[in-house]
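**Q** Structure below; questions to follow.
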Amino acid sequence: MRLFCQYLNNSVDGTRANTPGGACELEFLRGGHRGALATRDNGGVTMQPELDLWEPVAPNHRDRIVAHAEDRVAWLRARSRGVTATDAARLATEQSLRGVVESKLLGSGFTGNAFTDHGRLREPEIARWVLAQHGITASSALFHAHDQPLHLATPDGVSVIDGAVVLSEIKTTHKAWRSIPRSYLRQVWWQQYVLGADRTLVVWEQHDDFVPVHAEPQCLWVERDEDQIHALVGLADRLLDLMRAPN
């Protein structure tokens, strides 16, 4: 699109004004997402700096909510059709990929145990600590990735801080961690990809016979890793292909 702005000498017929330096015409050139301003004076053209008027807008994660955990039927149905962060946590090898396919198609049969029950019981309390100390709000929403409706994630916490999406992931464990287990890192990287986040606060509470060991949870920030995300996306797409393949 080309727009012409001319200095008019209060003329009703729209003729170009004559100025002491000759005719003056401003020409705005739009190409793609950027623009340039050119001025013409007595036949000469001087290009002015380009203007960032049409920078692409990052997709809003709030527009990509598929379901909420409170509507368990819809939440489970959506998760069964796509690749979740829980699935991504297991995507490490060719053998594990086959195992995830089998679980998706046939069901795992796992409905929980004393450890998962303890985690569900403690998660709201730990989430309140995360909000108070780090400003990340608890979330139960299932999101899909931009332009990928079957790439899914339900992070434990989501907030926008200083214009950036920040996540949290909460765990309970009966073991002392020297570092975050690799499977949980894959889960976090997948969530970051789906939500478009750069950082995740991984928070864990150690317990002894289901009694918290420390007065407060422990936590570490995990930064986005594009190489790991690229590998996970490739495995996830293979998983979806295998899920669609005829038996």
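**Q** Can you list the residues, at least 5 places off or on another chain, whose amide H is less than 5 Å from the amide H of Val66, using H built in the peptide plane?
**A** Answer set, sorted by chain and number: Leu142, Phe143, His144.
**Q** Moving on. According to the Cα gyration tensor, what semi-axes, each the square root of 5 times an eigenvalue, does the equivalent ellipsoid of segment 157-247 have, listed from largest to smallest in whole Å?
**A** Ellipsoid half-lengths, sorted descending, are 28, 19, 11 Å.
**Q** Highest mean first, what order results for 151-164, 122-135 on Cβ atoms within 10 Å?
**A** 151-164, 122-135
**Q** Explain nothing, just compute: Karplus ³J(HN,Hα) = 6.51 cos²θ - 1.76 cosθ + 1.60, θ = phi - 60°, for every residue of segment 165-175 in order, whole Hz, x for Gly and Pro.
**A** 6, 10, 10, 9, 9, 10, 9, 10, 8, 9, 10
**Q** Binning at 5 Å from 0, report for segment 81-177 what percent of all alpha-carbon pair distances ends up in each bin.
**A** 2, 11, 16, 19, 21, 16, 10, 4, 1
Rule-based calculations on the coordinates, nothing more; no lab input. Keep in mind the model is a prediction, meaning the values are calculated, not measured. Every residue, glycine as well, gets a Cβ built from its backbone with ideal geometry; the counts of neighbours run over all protein chains shown.
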